[in-house]
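Beneath this line is the structure, given in structure tokens, with notes to follow.
Read-outs throughout are calculated quantities, based only on the coordinates presented, and are distinct from any laboratory measurement. Nothing here was measured: the structure is a model prediction, and the numbers come from that model. Methodologically, a virtual Cβ is constructed for each residue, glycine included, from the backbone with ideal geometry; neighbour enumeration extends over all protein chains shown.
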Amino acid sequence: MTRAELEHVSESVKAVNPDIFSANQSALADARPPAELLSALSRHRRGVMNKTESEYAALLKALEVRGEILRFEFEGITLRWAGMRYTPDFVIFRRDQPILFLEVKGARIWDRDLVRFKGARAFWPEFQFELHQKREGVWQRIY
């Protein structure tokens, strides 16, 4: 991460990392921040699709244009239950069918993501849930 990128870090990140973002920032010129900070800066931002989600959105747009689905929304609904939250990647509205919550993943699926997905699916049987994964260039429905 460059010094220019570090200068655009939010004030809240700076506040919880005073040892990194002190008044004397000249030491940051060539220094790399700790792995914890890099991880925090690279996390998913609400409302912004990653490459995998963007690719799947293009597939959904084609279905929408052909009339196979009414519409879809990226991160359009957050489900809450028993102190948990789950925001599926896509909410898909179809004719005469239940709402479909669709999760898309790349090669790596984290355990915490599966727990939330399966928990939401179990708690909300009124909806349909699908998990699709792209591995080696091929999309597969996992759940």
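Put a dot 7 Å past each Cα toward the Cβ at Val115 and Glu73; how far apart are the dots in nm?
Output for this residue pair reads 2.8 nm.
Let me know the shape class of region 93-143, please: from the alpha-carbon gyration tensor, a ≥ b ≥ c as square roots of the eigenvalues, rounded when a/c is under 1.5, otherwise prolate if a/b is greater than b/c, or oblate.
Taking the square roots of the gyration eigenvalues as a ≥ b ≥ c, region 93-143 is oblate.
Per the Kirkwood formula on distinct C-alpha pairs, the Rh of region 51-141 is how many angstrom?
Values: mean 1/r = 0.0730 Å⁻¹.
Mean inverse Cα-Cα distance, inverted, gives 13.7 Å.
Cross-link list Lys14/Lys134; Lys14/Lys105; Lys61/Lys105: which exceed 27 angstrom alpha carbon to alpha carbon? Working shown, then result.
Values: Lys14/Lys134 36 Å; Lys14/Lys105 31 Å; Lys61/Lys105 18 Å.
The pairs that break the limit, which is 27 Å between Cα atoms, are Lys14/Lys134; Lys14/Lys105.
Along Cα→Cβ, 7 Å out, is where each label goes; now give me the distance between the ones at Val13 and Glu55 in nm to one decimal.
Placing both labels 7 Å beyond Cα along the Cβ direction yields 2.6 nm.
Could I have the simple spin-label model distance between Arg45 and Val138, label points 7 Å from Cα toward Cβ, reported in nm to one decimal?
3.5
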